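Okay, so here's the structure we're looking at.
The values are calculated or read from the model by the stated rules, or taken from the named source; none is laboratory data. Source: prediction; values computed, not measured. A quick note on method: Cβ atoms are made from the backbone with ideal geometry, for glycine too, and the neighbour counts reach across all protein chains shown.
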Amino acid sequence: MLRFETAGESHGECLVATLAGLPAGIPISLDRVNRELWRRQQGYGRGGRMKIETDRAEIVAGVRHSHTIGAPVAILIRNKDWQNWTEALPVEDAEGAEDKRKPVTRPRPGHADLAGALKYNFHDARYILERASARETTARVAAGAVAKALLAEFGIQVLSHTVAVGAVTLDRPVEWEELAALSLKDEVLLGSVDPATELRMKEVVDAAYRTGDTVGGVFEVVAHGVPAGLGSHATWDSRLDGRLAQAIVSIQAVKGVEVGCAADGAASFGSKVQDTIHYDRERSRFTRGANRAGGLEGGITNGQDLVVRGLLKPISTLRRPLESVDLATREPALAAYERSDVCVVPAAGVVGEAMVALVLAQAFLEKFGGDSLGETRRNYAGYLQQVKDF
Ligand SMILES: Cc1cc2nc3c(=O)[nH]c(=O)nc-3n(C[C@H](O)[C@H](O)[C@H](O)COP(=O)(O)O)c2cc1C
């Protein structure tokens with residue numbers, strides 16, 4: 001059973017990701033992990049924080065000589081900004097520390113600030129926002145890079161692109177090769193495969209900048225090379241569509257998820273939505289008329305590309321703050337403002353890739369198991385043979 005956890009606060013010493021349950025022998029490249037971290041930091045519309053941080057992973061457990069050893073993997077990413085917060089957020093209390101706090105008493109609408117302060121009984125929302133912050137997704141992306149390394153051994157790749165920024169939407173299907181090319185770019189604007197659409201998306205972000213506003217959008221994650229048979233129809237919690245939906249909506253600011261063409265499908269007739277089934281006798285394999293289901297039927301992968309989307313609300317922190325109430329005085333006050341992103345759709349797509357890779361890696365290891373990569377390979381090869389002989 002593959003498990004992963006993250007720890008760490010936005011302005012703490014570091015972020016940490018742990019993964020337990022990986023087979024021994026998965027090749028791990030620090031460069032690849034760091035490239036994923038770099039991709040998460042890109043995109044037009046990011047705030048000043050991303051200029052401070054250049055995220056670098058330190059693998060401190062579970063990998064030796066560039067391969068997993070079957071022990072839990074622990075990855076640490078240091079926060080450069082920590083040096084500005086050592087007095088405001090010390091681990092150990094000391095005399096005078098009270099005066100050096102940077103309290104947040106004017107909770108920001110759309111954030112965990114107020115709900116978290118009530119729940120944990122803090123009259124300063126600082127400790128809530130420190131952990132609720134999407135800085136945490138750095139650790140998810142590091143863990144996702146390890147999951148991607150496992151999947152890559154079996155020919156499975158996971159990538160993303162931006163479908164919409166605000167009301168500007170890409171209006172054509174995307175080929176896998178376009179996503180592959182996009183992921184190799186060393187300059188990221190808004191993560192669209194279509195340059196003309198991307199420029200229109202940039203205009204939306206520029207308008208948000210001009211007016212002190214923020215903007216959301218939609219990212220799409222595609223997993224390529226996925227075998228039929230991951231997940232199960234048998235129980236509610238083994239359905240892979242449900243597990244992916246939870247993983248995607250758990251990303252900060254994601255408020256909706258779409259599997260395949262869910263929204264269009266809901267507005268169409270059944271005859272236009274289901275993917276017809278055909279058989280290619282020459283290649284002895286089943287084929288499908290389309291992939292509107294996003295590679296999932298009955299909670300089981302069907303061998304087509306897996307396609308899920310995340311719908312992001314606009315960033316909650318506004319330069320032109322919204323109405324709030326001061327937690328101390330209960331008087332009306334404008335919400336707190338801290339340096340903030342204006343648009344994060346491409347970055348959220350990279351986080352979405354990590355979450356999809358982690359869920360797929362879990363489902364893959366549930367089905368094929370193995371304590372060493374060789375054992376997993378044998379199990380997988382046996383299953384592929386079964387499908388071929390079907
Ligand atoms: C990659 C990424 C970066 C984000 N950066 C910011 C930010 O700079 N400022 C902000 O207010 N919200 C930011 N958010 C969104 C907040 O984390 C999110 O709105 C907040 O957690 C509340 O939303 P929730 O209810 O979905 O958790 C970011 C989200 C993602 C995915």
Quick check on the range 355-370. Is at least one of its residues buried (at least 16 other Cβ atoms within 10 Å of the Cβ), within 11 Å of the ligand (Cβ to nearest atom) and assigned to a loop (DSSP other than H, G, I, E, B)?
no
Taking the range 331-354 and keeping residues within 16 Å of the ligand (Cβ to nearest atom) and more than 26 Å from the chain's Cα centre (by Cα) leaves L334, A335, A336
Filter the range 131-145 for residues that are surrounded by fewer than 22 Cβ atoms within 10 Å (Cβ to Cβ) and of a type in the set (A, V, I, L, M); which is nearest to the ligand (Cβ to nearest atom)?
A134
Under the condition of being in a helix (DSSP H, G or I) and in contact with a Lys or Arg (Cβ under 6 Å, 6 or more places away or on another chain), which residue from the range 319-350 is surrounded by the most Cβ atoms within 10 Å (Cβ to Cβ)?
V350
If you go through the range 299-318 one residue at a time, how many are farther than 22 Å from V350 by Cα and either at pLDDT below 95 or in contact with a Ser or Thr (Cβ under 8 Å, 6 or more places away or on another chain) (or both)?
3
Among (1) basic (K, R); (2) over 27 Å from P314 (Cβ atoms); (3) touching a Phe, Trp or Tyr at 6+ places or on another chain (Cβ under 7 Å), where does K148 come up short?
(3)
Going by the structure shown, is P107 part of a loop (DSSP other than H, G, I, E, B) and under 30 Å from W38 (Cα atoms)?
no
L296 meets each of (1) farther than 27 Å from D213 by Cα; (2) in contact with a Pro (Cβ under 6 Å, 6 or more places away or on another chain); (3) not small (G, A, S) with one exception, condition (2)
In the range 284-326, which residues are among the hydrophobic types (A, V, I, L, M, F, W, C), closer than 30 Å to P103 by Cβ and in contact with a strand residue (DSSP E or B) (Cβ under 9 Å, 6 or more places away or on another chain)?
L312, L322, V325
Name the strands (runs of 3 or more DSSP E) wholly within the range 205-308 that hold at least 2 residues that are surrounded by 18 or more Cβ atoms within 10 Å (Cβ to Cβ) and either away from the ligand (no atom under 16 Å from the Cβ) or of a type in the set (D, E) (or both)?
217-224, 254-259
